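The values are calculated or read from the model by the stated rules, or taken from the named source; none is laboratory data. Keep in mind that this is a model prediction, so the values were computed, not measured. Glycine also receives a Cβ, built like all others from the backbone with ideal geometry; neighbour counts cover every protein chain displayed.
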Amino acid sequence: MLGVSQPIQKMFFFRVLHCLVWCLCLLASGVADQVSAGESPVASARPFRVGERLTYDITFLNISAGTAVMEVSPGDGVGDRSFGKFVTTAVSSPKVTRFFPVDNRVESVTDLATLLPDRMTFRRREGKKKEDIEYVFHRKDNTVSATRGGVTELMPIPADTQDLISCLYYVRSVLSLTQGASQALTVYHDKKIRQIEVRVEKVEMLEGPWGNLETAEVLVVMPFQGIFLNQGNIRVWFTTDERRIPLRMKAKVIIGSIVADLVDGIPEIHPAK
């Protein structure tokens, strides 16, 4: 790769792949105004459904880096509450796996009425690193317990706090996909409460494996710089139809960009004239 030594190649690809995992989790964070757990502003406006499965081809410098899948599975009901399970997986391509395998899985069990997460598990497998993380959200007292490496810690959180996966489905349900719209979201991850801003930059036609469809280009503004991103920002292109599917995701890294394009689960909708 680019004429550099193998150890440097491995280190750089590690950073790219680690960034890739974070991008897949953070790629579409956004929400409208703060909402208490007792309200249900999205109950009748959900653009997704149980059984939805979206598959993305991930490239870096025109090299296939891996595959990501986002799907909605049924969850167990508790009393009058109905839950869904949002699952995101990221797997490195065969070429990358030879020197740095990635096989990560994140599950978010979320209340389908409020779209607030109940618990999230992260099965992380990157190279020789193996780690399992679990977050349990206690909505009655606005706290979250995080278990990592066999140690559990409890901390307070705002009532409307999302996790890295549930926020994607919340934004698809609530965010106004009109140019100029700007909203904020509170996300808990890795013992930190993070404030993320979302801006709808423009509405444009986007061509790809899906054909030529009208999309809203959404900029996810994170107030912190990642180790691997030049800026903490990620761009997502959502279809403007009723399903609001993310067709493309893009994040800048030190050299070039990581791009995830939808290749399976393409919406059966007619392109805008």
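Annotation for the stretch 63-81: no member residue is modelled with pLDDT under 90, of a type in the set (A, V, I, L, M, F, W, C) and in contact with an Asp or Glu (Cβ under 7 Å, 6 or more places away or on another chain). When residues in the stretch 190-203 are screened for being of a type in the set (Lys, Arg), assigned to a strand (DSSP E or B) and closer than 23 Å to residue 139 by Cβ, 2 of them pass. Among the residues of the stretch 143-181, the ones that are under 30 Å from residue 245 (Cβ atoms), hydroxyl-bearing (Ser, Thr, Tyr) and surrounded by 14 or more Cβ atoms within 10 Å (Cβ to Cβ) come to 5 in all.
Filtering the stretch 122-142 to residues that are modelled with pLDDT under 90 and loosely packed, with under 14 Cβ neighbours inside 10 Å leaves 128, 129. Every test in (1) among the small types (Gly, Ala, Ser); (2) in a loop (DSSP other than H, G, I, E, B); (3) at pLDDT below 85 is passed by residue 184 save one, and that test is (2).
This table checks each residue for (1) touching a residue at least 12 places away in the same chain (Cβ under 8 Å); (2) in a loop (DSSP other than H, G, I, E, B); (3) under 18 Å from the mean Cα position of the chain (by Cα); (4) closer than 25 Å to residue 48 by Cβ.
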residue: 155; (1), (2), (3), (4): yes, no, no, no
residue: 158; (1), (2), (3), (4): yes, yes, no, yes
residue: 168; (1), (2), (3), (4): yes, no, yes, yes
residue: 173; (1), (2), (3), (4): yes, no, yes, yes
residue: 177; (1), (2), (3), (4): yes, yes, yes, yes
residue: 188; (1), (2), (3), (4): yes, no, yes, yes
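Restricting attention to the stretch 234-273, the residues that are assigned to a loop (DSSP other than H, G, I, E, B), modelled with pLDDT under 90 and surrounded by 18 or more Cβ atoms within 10 Å (Cβ to Cβ) total 1.
Rundown of residues vs (1) in a helix (DSSP H, G or I); (2) of a type in the set (Lys, Arg); (3) free of Cβ contacts under 8 Å to residues at least 40 places away in the same chain, yes/no style:
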site: 55; (1), (2), (3): no, no, no
site: 76; (1), (2), (3): no, no, yes
site: 85; (1), (2), (3): no, yes, yes
site: 91; (1), (2), (3): no, no, yes
site: 96; (1), (2), (3): yes, no, no
site: 99; (1), (2), (3): no, no, no
site: 118; (1), (2), (3): no, no, yes
site: 131; (1), (2), (3): no, no, yes
site: 152; (1), (2), (3): no, no, yes
